[in-house]
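The values are calculated or read from the model by the stated rules, or taken from the named source; none is laboratory data. Predicted model only: the values in this text are computed from it and were never measured. Reconstructed Cβ throughout: ideal geometry from the backbone, glycine too, with neighbour counts over all protein chains shown.
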Amino acid sequence: MGFQVIYFPYVSSTQEIAKNILMDRVAIVADEQNAGRGRRGRIWHSPPGGLWITAILKSTLEPQILSLVGGIAIAKALEKKGYKACLKWPNDVIYKGKKLAGVIGEHYKGYILLGMGINLQNDIPEEIRDIAINIPNLPRDDLLPTLLETLEDEIAKERDEIIKDWKKYNCTLGKKVKIVEDESFVGLAKDLTPEGFLLVEKEGEIKKVVAGDVIILQ
């Protein structure tokens, strides 16, 4: 079927624009956002040069699984362009040890809004250069068709296939991690549940992490 792409030069956020359109298989792409956001309402720096996009979908998959799908699609699209990235649960795409992209999935009036932000030819603010990275040699309009094609393939898969794909590209499982939530703790990232939640072993007990930030310690 493919995606219809609607371009905007400047928006508050592609997620907010998408809420006013709500058509299946439409992708909102902006040159710049002034109120881009990630998980938990955090601001996402979105100047010209990056790929700032929200894909509008009718899907029976849960937002958590679709967030994994977004990360997988980004990693696979980058791989096709010659860049090797990996996935940190729940929604980060890591390149050369730093955050390259983030994904947010949310339900809205019967639709899934899958927001993705990828640092490409945009500048990275000096204050976050120790944790964030871009790919300055990869133009947005070169990556975009590959990303949408890959996303189309991925959302057609069953949940267990999606989990398998995520595991192939992940850099979380098998690592000692710190989970930052209401009660932070350190443990070993063991697996994902069929719903896409993280299982962490702490002192011989398996804990299911539904939400929270993951810091990889080793």
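Quick rundown of the values:
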{"item": "Single condition Ile163 does not satisfy, out of (1) over 28 Å from Ser13 (Cβ atoms); (2) part of a helix (DSSP H, G or I); (3) modelled with pLDDT under 95", "result": "(3)"}
{"item": "Positions within the stretch 129-162 being hydrophobic (A, V, I, L, M, F, W, C) and closer than 16 Å to Gly50 by Cα, in sequence order", "result": "Ala132, Ile133, Ile135, Leu138, Leu143, Leu144, Leu147, Leu148"}
{"item": "Any chance Ile206 is of a type in the set (A, V, I, L, M) and closer than 25 Å to Ala77 by Cβ", "result": "no"}
{"item": "Filter pass, Asp142 being touching a residue at least 40 places away in the same chain (Cβ under 8 Å), in the same structural domain as Asp31 (by TED's automatic domain parsing) and surrounded by fewer than 20 Cβ atoms within 10 Å (Cβ to Cβ)", "result": "yes"}
{"item": "Where Phe8 falls short, out of the listed (1) out of contact with any Ser or Thr (no Cβ under 9 Å at 6 or more places or on another chain); (2) surrounded by fewer than 24 Cβ atoms within 10 Å (Cβ to Cβ); (3) more than 21 Å from Asp153 (Cα to Cα)", "result": "(1)"}
{"item": "Within the stretch 130-139, tally of residues that are buried (at least 20 other Cβ atoms within 10 Å of the Cβ) and either of a type in the set (A, V, I, L, M, F, W, C) or at pLDDT below 95 (or both)", "result": "1"}
{"item": "Criterion: over 25 Å from Lys58 (Cβ atoms), crowded, with 17+ Cβ neighbours inside 10 Å, at pLDDT 95 or above and not acidic (Asp, Glu) - qualifying residue of Val209, Val214, Val200", "result": "Val200"}
{"item": "Among (1) modelled with pLDDT of 85 or more; (2) surrounded by 24 or more Cβ atoms within 10 Å (Cβ to Cβ), the one test that Gly36 misses", "result": "(1)"}
{"item": "Residue among Glu201, Glu152, Glu195, Glu183 that is of a type in the set (Asp, Glu), assigned to a helix (DSSP H, G or I) and either at negative phi or not assigned by TED's automatic domain parsing to the domain that holds Ser67 (or both)", "result": "Glu152"}
{"item": "Search result, residues across the stretch 150-176 that are surrounded by fewer than 18 Cβ atoms within 10 Å (Cβ to Cβ) and closer than 12 Å to Gly70 by Cα", "result": "Glu152, Asp153"}
{"item": "Tabulated pairs, the stretch 1-21, first assigned to a loop (DSSP other than H, G, I, E, B), second of a type in the set (Lys, Arg) and surrounded by 19 or more Cβ atoms within 10 Å (Cβ to Cβ), C-beta under 7 angstrom, 6+ apart or interchain", "result": "Ser13/Arg37"}
{"item": "Residue ID - surrounded by the fewest Cβ atoms within 10 Å (Cβ to Cβ), chosen from residues in the stretch 45-66 that are closer than 17 Å to Glu152 by Cβ and not β-branched (Val, Ile, Thr)", "result": "Lys58"}
